[in-house]
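Engineer: Mind looking over this structure? Questions follow.
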Amino acid sequence: MAIIDRLIGSSIGWVPKPIVRKIATRYVAGESLDSALVVAKDLNRQGCMVTFDVLGEFIRQSEEADHTAAEYGDVLKAITAHGIDGNISIKLTAFGLLLDEAATYARVRSLVEAARDLGHFVRIDMEDSPCTDRTLAMLRRLREAGLSNVGVVVQAYLKRTMQDLATLADLRSSYRLCKGIYVESPDIAYKDAQEIRNNYLACLERMLDGGSYVGIATHDPWLVEKCAEILKKRGTPPADYEFQMLLGVAEGLRSEIVRGGHRLRVYVPFGRDWYGYCVRRLKENPKIGRYVLAGMFRRN
């Protein structure tokens, strides 16, 4: 079955878009902010916090970056107006990182300032390895500008991450710690599943040692258990960390975490660029590809 899953995962890009759209309803909170707000309110009622993500990355024109920044401004206002327990996550390539770094900084700084004024937090997502240095440099620049309501994502499968945490130690940054999903070279990324897990736990310990707030982002039950053990052993109060999960993934595990008394945040993506996001999720979790494959041959 694992071989079948891998074959399905590698060929998921060939699945017709209408079939992927059916699956998208599990992973994406619709194409509009209004639809995302409905999902967010329901998650809040379930005891979960949220982070909104306007889908889209690797834009080609500065006008697209301006539009993305404006959309996020609307999200911040909506979070306040609707009393949502949530924040926002952004991808720097959607703000023009690969076009003009100076303009990207200006857009992001303006957004972070607007979030600060409304009492909200901004998480900078980590993208593929060519963006890593520039992403971390952006975080430092914003923090040194006096903006404390911004944090970043780091990836446990990158061999450099422990050193990055040492380099950023003076910031006492807020982190989201994830395994990482981009395809990277073995020269820079661990490939063995247990090696990634072990580095994840080591990174978590390093963050907690440094006094950082940590978003423990994983759907791996083994990691959830081990992280919970670390938190309990250290006596880390619930206010100093949270678990994080993607919308539509491992919902049973999500409920267990909440029932265990841990804070949990759900990543709520929405927008017109849902297709690329869903394809990445399906490649990451090829078991779901079986349902996609079945859908291609099911009679309506």
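Engineer: Considering only residues that are hydrophobic (A, V, I, L, M, F, W, C) and surrounded by fewer than 20 Cβ atoms within 10 Å (Cβ to Cβ), look in the range 70-101 and name the one that is nearest to residue 33 (Cα to Cα).
Structural biologist: Of all residues in the range 70-101, those hydrophobic (A, V, I, L, M, F, W, C) come to 70, 75-76, 78-79, 81, 84, 88, 90, 92, 94-95, 97-99.
Now narrow it down to the ones that are surrounded by fewer than 20 Cβ atoms within 10 Å (Cβ to Cβ): 70, 78, 81, 98-99.
Numbers: 70: 12, 78: 8, 81: 13, 98: 26, 99: 27 Å.
Top of the filtered list is 78.
Engineer: For the range 31-54, give me the residue count where each residue is in contact with a strand residue (DSSP E or B) (Cβ under 8 Å, 6 or more places away or on another chain) and buried (at least 21 other Cβ atoms within 10 Å of the Cβ).
Structural biologist: Total satisfying the criteria: 9.
Engineer: In the range 190-226, which residues are farther than 13 Å from residue 177 by Cβ and either touching an Asp or Glu at 6+ places or on another chain (Cβ under 8 Å) or hydrophobic (A, V, I, L, M, F, W, C) (or both)?
Structural biologist: 193, 222
Engineer: Going through 84, 88, 79 one at a time, which residue ends up being among the aliphatic types (A, V, I, L, M), touching a residue at least 40 places away in the same chain (Cβ under 8 Å) and outside any helix (DSSP H, G or I)?
Structural biologist: None of the other options fit; the residue is 84.
Engineer: A further question follows. Give the range 25-59 a look and list any residue that's among the polar types (S, T, N, Q) and at pLDDT below 95, or say none. Reasoning before the result, please.
Structural biologist: To start, the set of residues in the range 25-59 that are among the polar types (S, T, N, Q) comprises 25, 32, 35, 44, 46, 51.
The one that is among the polar types (S, T, N, Q) and at pLDDT below 95: 25.
Engineer: With the requirement that a residue be under 20 Å from residue 223 (Cβ atoms) and surrounded by 15 or more Cβ atoms within 10 Å (Cβ to Cβ), what does the range 259-279 give you?
Structural biologist: If the condition is that a residue be under 20 Å from residue 223 (Cβ atoms) and surrounded by 15 or more Cβ atoms within 10 Å (Cβ to Cβ), then 262, 263, 264, 265, 266, 267 are the ones that fit.
Engineer: Identify the residue in the range 256-275 that is part of a helix (DSSP H, G or I) and free of Cβ contacts under 8 Å to residues at least 40 places away in the same chain and, among all such residues, is farthest from residue 21 (Cα to Cα). Before the answer, list the steps.
Structural biologist: Let us first name the residues in the range 256-275 that are part of a helix (DSSP H, G or I), namely 256-259, 274-275.
Then keep just the ones that are free of Cβ contacts under 8 Å to residues at least 40 places away in the same chain; that gives 256-257, 259.
Numbers: 256: 29, 257: 29, 259: 32 Å.
Once the filter is applied, the top-ranked residue is 259.
Engineer: Right, residue 93: under 17 Å from residue 130 (Cα atoms) and in the same structural domain as residue 137 (by TED's automatic domain parsing) or not?
Structural biologist: Numbers: under 17 Å from residue 130 (Cα atoms): yes; in the same structural domain as residue 137 (by TED's automatic domain parsing): yes.
So residue 93 passes the test.
Residues checked against (1) of a type outside the set (A, V, I, L, M, F, W, C); (2) within 19 Å of residue 267 (Cα to Cα); (3) in the same structural domain as residue 156 (by TED's automatic domain parsing); (4) free of Cβ contacts under 8 Å to residues at least 12 places away in the same chain:
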site: 105; (1), (2), (3), (4): yes, no, yes, no
site: 115; (1), (2), (3), (4): no, yes, yes, no
site: 127; (1), (2), (3), (4): yes, yes, yes, no
site: 135; (1), (2), (3), (4): yes, no, yes, no
site: 140; (1), (2), (3), (4): yes, no, yes, no
site: 143; (1), (2), (3), (4): yes, no, yes, no
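Engineer: Does residue 121 meet the test of being among the aromatic types (Phe, Trp, Tyr), within 26 Å of residue 211 (Cβ to Cβ), crowded, with 16+ Cβ neighbours inside 10 Å and in the same structural domain as residue 245 (by TED's automatic domain parsing)?
Structural biologist: Against the criterion (among the aromatic types (Phe, Trp, Tyr), within 26 Å of residue 211 (Cβ to Cβ), crowded, with 16+ Cβ neighbours inside 10 Å and in the same structural domain as residue 245 (by TED's automatic domain parsing)), residue 121 qualifies.
Engineer: Right, here's the next one. Within the range 212-226, count every residue that is aromatic (Phe, Trp, Tyr) and farther than 19 Å from residue 48 by Cα.
Structural biologist: Of the residues in the range 212-226, 1 are aromatic (Phe, Trp, Tyr) and farther than 19 Å from residue 48 by Cα.
The values are calculated or read from the model by the stated rules, or taken from the named source; none is laboratory data. Computed from a prediction, not measured in an experiment: that's the story for all the values here. With ideal geometry, Cβ positions are generated from the backbone for all residues, glycine too; neighbour counts draw on all protein chains shown.
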